[in-house]
């Protein structure tokens, strides 16, 4: 953002010397109020940045203005200091805001518009350059990794067909003139529409009816109605989808057949490492006339002439140099929530490839599929990267197609009717969300049962001691913070107390993330997992003896090791699914569990085996450790509760009673409200926007202050 000297023409008023200050004071109070409620979304984060920028500009102007007297200058600087203090308090509640104050922080077009509009409101006369809003420079394409490789089969294909087919079909899409929304910031309202505009309606586009006769499923297989309807939509010409069906409803099969009816070959599938072998199997299972190839490592075994190329996120970077040269007509991103961090190398690689595919596909209309049963994990802003992959937004603006549809409504974000209309328009761009309870009536029931356990041994006592130690440390920080503000704890009202508690918990959490040693919330939860490992393994063994195969999930490797040792001591055969396995080793373990009657328990990593794995040979799941997100817990359970399951599924959560573990379980359950409200149209409170870790620390501090620890 250019910072230029401005000559301001003003009418006389009480704030004649600095008319921007009351505007900044009003805006900073709005942002502070949102921060206190834990609802600091993208729009208010941008406002925070612009307030800080204008405050710095105004401070410099006030100090340099020769027409101001000393008394007036002092008064104005004092008022600016008041704004600065509110900004500092807000940043203390959410330290991620601090990055917005850096000199090299990027200034979005939204921020430019806020700055221009507020200055015009203050009566400032802006230069032509300041009146023009420049588009935000797109994030640079990811730098190619030094270990770029071009497999031999790719060179063979390039030599066999050195030129992509010329594109004579690209036709300019008629655009709707943008008038009413030209100067509005729209991404924030679009995200907000999924929080407030559901009206009880699920986030799923209208799909055509399923064909009467299933002509797509190979012999011996059968499509369910919800799958056939999705595929029919692709056959009729829809080309961008966020397929957000709940886990277990066959998203891979739907994608494979959608590519078939759309003739989207060659097709690129970017998937987690844990499922890439299964992806190749599903391609050959549902479309046996097509060939799939999987990229392992440097791609020595790659068949570049195959119809479907499957690559995992982890090796994508070394194949970027050639992937966009094969003329892909479609791209699938499986477990698309993996790309929610736009700054990560993984996300930049995926978005760069998608952009190249859009530009090189004949007609400019490739099949783009984002698959995830859990698109929202922490915030509605998690939609951003997925929408960008699908081409629905471009940087910080809606795409021309989406913008045109919004313009046709005749509404702006100032109208309450804008939000349900905007939500409907985005959904119709291609969001498909079906729940098991709605579309798979024949799928058995699923329930989660909590099993509280007492940690009475030495390790259990050390857990409670660690909780008290952490609680006392938080209380000490709380007292210090209150006293530093010149206050007394007994004089705090409820709002002040909550603000100080949140600030202390936030500071503790940030320190814990970078701590190399010492007790913190992460080490404490790990110690709880270690203390529960033996008890959880005992329960898994009882289930295996009485009801059959069991899937055992843990978060930490040492907990998995303890469980495997305990199960082996009980002469139960196990297989293991871990992050350090090759795709072939992992698939062999999955096959053994599902097909070998002698294998009783699959001991799985929550992170490495929580997505894309079919373990429906079991109907009982033991969660020895809790995840930090509701989505991760749901994904783990749905490795068992999916199409192909014949029995009711029960997930047994092992909860350490009288510890923070019990509170974490409650918080995870409360986090389900976000997806229920934004995707399924449920009229439920979404709960706190804070992370489970932050909420857990606040609970621990409150308990310590109340003498409950």
**Complete:** Distance in nm between residue 515 and residue 342 label points, each 7 Å along Cα→Cβ, equals 3.3
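Listing 358, 502 from the residue with the fewest other Cβ atoms within 10 Å to the one with the most, what is the order?
Numbers: 358 16, 502 22.
The most exposed by this proxy come first: 358, 502.
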**Asked** Which percentage, to the nearest 5, of the DSSP beta bridges contained in the stretch 534-664 is antiparallel?
**Response** 0
**Pairwise label distance in nanometres, residue 88 with residue 158, each label 7 Å out on the Cα-Cβ vector** = 5.7
**Message:** Run the numbers for residue 523 and residue 498: contour at 0.36 nm per residue of separation, minus the present Cα-Cα distance, in nm.
**Reply:** 6.5 nm
**Request:** Label the stretch 624-671 by shape, choosing from rounded, prolate and oblate, from the square roots a ≥ b ≥ c of the eigenvalues of the Cα gyration tensor; if a/c is under 1.5 it is rounded, and otherwise prolate applies when a/b is larger than b/c, oblate when it is not.
**Result:** prolate
**Request:** Provide the FRET efficiency to the nearest 0.05 for the residue 488-residue 78 pair, computing r from the beta carbons and using R0 = 22 Å.
**Result:** 0.25
**Request:** Find the centroid of the Cα atoms in the stretch 201-227 and in the stretch 245-275, then give the distance between the two in whole Å.
**Result:** 14
**Asked** Most exposed first by the Cβ proxy, i.e. fewest other Cβ within 10 Å, how do 320, 277 rank?
**Response** 320, 277
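Give the shape of the stretch 20-131 as rounded, prolate or oblate, defined through the alpha-carbon gyration tensor: a ≥ b ≥ c are the square roots of its eigenvalues, a/c under 1.5 means rounded, and otherwise the shape is prolate if a/b is larger than b/c and oblate if not.
Here the stretch 20-131 falls in the oblate category.
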**Gain in span if fully extended, residue 580 to residue 450, counting 0.36 nm per residue against the direct Cα distance** = 43.8 nm
**Message:** Once each part is reduced to its C-alpha centroid, what is the distance from the stretch 454-524 to the stretch 626-653 in angstrom?
**Reply:** 33
**Tensor-based shape of the stretch 534-664 (alpha-carbon gyration tensor, a/c under 1.5 rounded, otherwise prolate or oblate)** = rounded
**Prompt:** Quick one: if the Förster radius is 22 Å, what FRET efficiency do residue 359 and residue 263 give, using the C-beta to C-beta distance and rounding to 0.05?
**Reply:** 0.70
**Item:** Additional length obtainable on full extension of the chain from residue 428 to residue 588, 0.36 nm per residue less Cα span
**Value:** 53.6 nm
**Asked** For 640, 213, what's the fewest-to-most ordering of other Cβ within 10 Å of each Cβ?
**Response** 213, 640
**Fill in**
Here FRET efficiency (C-beta to C-beta, residue 183 to residue 126, R₀ 22 Å, nearest 0.05) is 0.95
**Asked** With each pseudo-label sitting 7 Å past Cα toward Cβ, what's the residue 507-residue 401 distance in nm, one decimal?
**Response** 5.0
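Computed from the coordinates by the stated procedures, all read-outs in this text should not be read as laboratory data. The shown structure was predicted, so the numbers you read here are calculated from the model rather than taken from an experiment. Cβ coordinates were reconstructed from backbone atoms using ideal geometry, including for glycine residues, and neighbour counts include every protein chain displayed.
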